[in-house]
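The values are calculated or read from the model by the stated rules, or taken from the named source; none is laboratory data. This is a predicted model, so every value here is computed, not measured. Virtual Cβ from ideal backbone geometry, glycine too; neighbours counted across all protein chains shown.
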Amino acid sequence: MNKFAALCLFAAALSLRAADTNAPAAAPEKTSLGQIPDASHAPVRVTNTVSIAGERVTYIAETGMLPLLKPDGTSRASVFYVAYTRTDDKTGAKRPVTFSFNGGPGSASLWLHLGALGPRRVKMNEDGSMPAPPFALTNNEYSILNASDLVFIDPVATGFSRAAKDEKPDTFFGDEADLDSVGEFIRLWTTRHDRWLAPKFVCGESYGVFRAAGLAEHLRSRYGLYLNGLILVSGVLDFGTISGGTGNDLPYPLILPAYTAAAHFHNKLPADLQSDLTNALAESRAFAKGEFTSALLQGAALSADEKKKIVAELVRLTGLKASVIEDNNLRVDPYVFRKQLLHDDGLILGAYDARLTGRDGDPAGPGADFDPSSAAVMGPFSAAMNSYVRSELKFEDDLPYELIAGVQPWNYGARNNFANASDRLASVMNQNPYLKILVLGGRCDLVCPIDTMRHSVDHMALADAYRRNVTFAEFDAGHMMYINLPDLKKLQTELEKFVRP
């Protein structure tokens, strides 16, 4: 995989309060390091309260291992989950429930869980940069638990989820196998908790968007389980929109508005564009769809004068030097952009969030050596999740909690073409006319730029009558827009409006 397509690994102070145990559940026994968790014990349940949008919400947090069974009744995997159920709501079993996961493939669900949706969140600096360790958790007044119950799923090999002793883990590492295991978890959890008559939503981030699109169709066709909505966060439907290289110029115009947003954030645009981000993005998108795409299609047939004109406009819209654009034959991938925009300041940009910067110590290197935005979240989220599971959720296990698991090679099922879930999403929308789609993306996301999702949706084989079911919302930050406090507030408003009956 080239550096343009280095995709989606995730995918992001009040004192900790000890939660009250809720009998009759018993705490699980510890397992020895490396042992597959015991899926036979009862889930652990604790009760707590949180204030969300000025409303006091009482809830039960249920943490457990749900076994996925073979036809002969033996276990093939144990899936770790954390579910939050509001208890002071009279709708009961008909209350909305949202199933959530991150991406990778190979990422656990802690990013959405402790970054955006759950009742507790990692305490980051207000702009999403990393605070000094030691790290902390705080109550999340911007959770959506006031509007929907929540179930966070760690796919097999991530978090504490593991394949059974006699099962090969890599049998779960592929699009179809993944849909089968995550889909079976959703069916089984829905059945055991009597939620078949509840409004149901699926929220996926990054590769989780690709999974969510496939799941909507899988759940419908396999179980007759119809969803009310999909929440697609910073994701991809068509890998051809993000995998640039010889023979595929599509990603370069689609990422251009993200370059413009990043350059605007770092004050690198000319004065007229710097004064108005909305106009800057409009100009960037118009140029990307028009002259830029036309120039790329011409390849070597593009005249020197035409190329010079394109270079000048790219300099204007990206803040890069003309020599960088010329050296890359108009096709600047994020690896280069992240190194070059602030090169004179000795800074590199984040891939997942180009607002965040770092220093890689190699000024002469061709591209950024690491991702400052990944480095900013890894420590705080890891510390928070490992502490939270034991100290507040009362779930104990000595296995390492796998934030990012090694699940490669992943079987995308594609042959001589890019993996694409657009057809599946269009199919389920055509067959379920009530299915709503909320697409969320950060303008400074250089891994899964939001314009790639716009392109995919615009090119789906979808009946015109159902296009009104798709809504987009953009944010100032990047992939994990919720680590930026102003974006988290906006996110809560968008999500609550979406899941409310």
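Can you name the residue in segment 216-229 that is in a helix (DSSP H, G or I) and small (G, A, S) and, of all such residues, is nearest to D445 (Cα to Cα)?
Our first condition is that a residue be in a helix (DSSP H, G or I); within segment 216-229, this holds for 216-223.
Right, trim to small (G, A, S) and you get 216, 221.
Values: A216: 25, S221: 33 Å.
If we take residues in segment 216-229 being in a helix (DSSP H, G or I) and small (G, A, S), then A216 is nearest to D445 (Cα to Cα).
Are any residues in segment 446-473 under 21 Å from T293 (Cα atoms) and of a type outside the set (A, V, I, L, M, F, W, C), and if so, which ones?
Narrowing segment 446-473 to residues under 21 Å from T293 (Cα atoms): 446-460.
Once the filter is applied, which keeps residues that are under 21 Å from T293 (Cα atoms) and of a type outside the set (A, V, I, L, M, F, W, C), segment 446-473 yields P449, D451, T452, R454, H455, S456, D458, H459.
So, S456, is that one hydroxyl-bearing (S, T, Y), touching a strand residue (DSSP E or B) at 6+ places or on another chain (Cβ under 7 Å) and not in a strand (DSSP E or B) or not?
Values: hydroxyl-bearing (S, T, Y): yes; touching a strand residue (DSSP E or B) at 6+ places or on another chain (Cβ under 7 Å): yes; not in a strand (DSSP E or B): yes.
Spelling it out, S456 is indeed hydroxyl-bearing (S, T, Y), touching a strand residue (DSSP E or B) at 6+ places or on another chain (Cβ under 7 Å) and not in a strand (DSSP E or B).
Say whether the condition of being under 22 Å from G118 (Cβ atoms), assigned by TED's automatic domain parsing to the domain that holds S427, of a type outside the set (A, V, I, L, M, F, W, C) and surrounded by fewer than 24 Cβ atoms within 10 Å (Cβ to Cβ) is met by at least one residue in segment 166-180.
Checking segment 166-180: not a single residue is under 22 Å from G118 (Cβ atoms), assigned by TED's automatic domain parsing to the domain that holds S427, of a type outside the set (A, V, I, L, M, F, W, C) and surrounded by fewer than 24 Cβ atoms within 10 Å (Cβ to Cβ).
How many residues, within segment 269-283, are more than 22 Å from D127 (Cβ to Cβ), in a loop (DSSP other than H, G, I, E, B) and within 29 Å of the chain's Cα centre (by Cα)?
Looking only at that region, the number is 0.
From the list F152, F185, which one is assigned to a strand (DSSP E or B) and of a type outside the set (D, E)?
Among F152, F185, only F152 is assigned to a strand (DSSP E or B) and of a type outside the set (D, E).
Just a yes or no: is a residue in segment 476-492 of a type in the set (D, E), part of a helix (DSSP H, G or I), surrounded by 14 or more Cβ atoms within 10 Å (Cβ to Cβ) and in the same structural domain as N146 (by TED's automatic domain parsing)?
Scanning segment 476-492, I find at least one residue that is of a type in the set (D, E), part of a helix (DSSP H, G or I), surrounded by 14 or more Cβ atoms within 10 Å (Cβ to Cβ) and in the same structural domain as N146 (by TED's automatic domain parsing), so the answer is yes.
Taking the options R285, R222, name whichever one is basic (K, R), assigned by TED's automatic domain parsing to the domain that holds S148 and either within 21 Å of F418 (Cα to Cα) or surrounded by fewer than 21 Cβ atoms within 10 Å (Cβ to Cβ) (or both).
When all the criteria are applied, what remains is R222.
Assuming A426 fulfils every condition listed in (1) touching a strand residue (DSSP E or B) at 6+ places or on another chain (Cβ under 9 Å); (2) surrounded by 15 or more Cβ atoms within 10 Å (Cβ to Cβ); (3) in a helix (DSSP H, G or I) apart from one, which condition is it?
Going through the list (1) touching a strand residue (DSSP E or B) at 6+ places or on another chain (Cβ under 9 Å); (2) surrounded by 15 or more Cβ atoms within 10 Å (Cβ to Cβ); (3) in a helix (DSSP H, G or I), A426 breaks only (1).
Only residues that are under 25 Å from T49 (Cβ atoms) and surrounded by fewer than 23 Cβ atoms within 10 Å (Cβ to Cβ): list them for segment 127-141, please.
F135, A136, T138, N139, E141 - these are the residues of segment 127-141 that are under 25 Å from T49 (Cβ atoms) and surrounded by fewer than 23 Cβ atoms within 10 Å (Cβ to Cβ).
Please give the number of the condition A77 fails out of (1) hydrophobic (A, V, I, L, M, F, W, C); (2) under 30 Å from H266 (Cβ atoms); (3) assigned to a strand (DSSP E or B).
Unmet condition: (2).
So in segment 60-102, with the set limited to residues that are among the aromatic types (F, W, Y) and closer than 22 Å to N386 by Cβ, which one is surrounded by the fewest Cβ atoms within 10 Å (Cβ to Cβ)?
The selected residue is Y81.
Which residue pairs have Cβ atoms under 7 Å apart, sit 6 or more places apart or on different chains, and have a first residue in segment 361-387 that is more than 28 Å from N328 (Cα to Cα) and a second that is among the polar types (S, T, N, Q)?
Every condition considered, the pairs that remain are A376/S129.
Has segment 354-370 got at least one residue that is at pLDDT 95 or above, within 27 Å of L495 (Cβ to Cβ), aliphatic (A, V, I, L, M) and outside the structural domain of F475 (by TED's automatic domain parsing)?
Yes, some residue in segment 354-370 is at pLDDT 95 or above, within 27 Å of L495 (Cβ to Cβ), aliphatic (A, V, I, L, M) and outside the structural domain of F475 (by TED's automatic domain parsing).
Can you name the residue in segment 26-57 that is exposed (fewer than 13 other Cβ atoms within 10 Å of the Cβ) and assigned to a strand (DSSP E or B) and, of all such residues, is modelled with the highest pLDDT?
Among them, the one singled out is R56.
Could you please let me know if P400 is more than 30 Å from E176 (Cα to Cα) and modelled with pLDDT of 95 or more? Let's see the steps before the verdict.
Values: more than 30 Å from E176 (Cα to Cα): no; modelled with pLDDT of 95 or more: yes.
So P400 fails the test.
Could you list all residues from segment 230-268 that are surrounded by fewer than 24 Cβ atoms within 10 Å (Cβ to Cβ) and assigned to a strand (DSSP E or B)?
Those that are surrounded by fewer than 24 Cβ atoms within 10 Å (Cβ to Cβ) and assigned to a strand (DSSP E or B): D238, G245, N248.
Of everything in segment 155-182 that's assigned to a helix (DSSP H, G or I) and of a type in the set (S, T, N, Q), which residue is farthest from F99 (Cα to Cα)? Steps first, answer last, please.
At the first step, the residues of segment 155-182 found to be assigned to a helix (DSSP H, G or I) are 169-172, 175-182.
Subset that is of a type in the set (S, T, N, Q): 171, 181.
Working: T171: 23, S181: 14 Å.
Looking at the filtered set, the residue picked out is T171.
From (1) crowded, with 20+ Cβ neighbours inside 10 Å; (2) at pLDDT below 95, pick out the condition that doesn't hold for G413.
Of everything listed in (1) crowded, with 20+ Cβ neighbours inside 10 Å; (2) at pLDDT below 95, G413 misses just condition (1).
Which of the residues belonging to segment 439-453 are among the hydrophobic types (A, V, I, L, M, F, W, C) and either modelled with pLDDT under 95 or part of a strand (DSSP E or B) (or both)? Full working, then the answer.
Pass one, segment 439-453, residues among the hydrophobic types (A, V, I, L, M, F, W, C): 439-440, 444, 446-448, 450, 453.
Within segment 439-453, V439, L440 meet the criteria.
Go through (1) touching a strand residue (DSSP E or B) at 6+ places or on another chain (Cβ under 7 Å); (2) in a helix (DSSP H, G or I); (3) buried (at least 24 other Cβ atoms within 10 Å of the Cβ) one by one and return the number of the condition F210 breaks.
(1)
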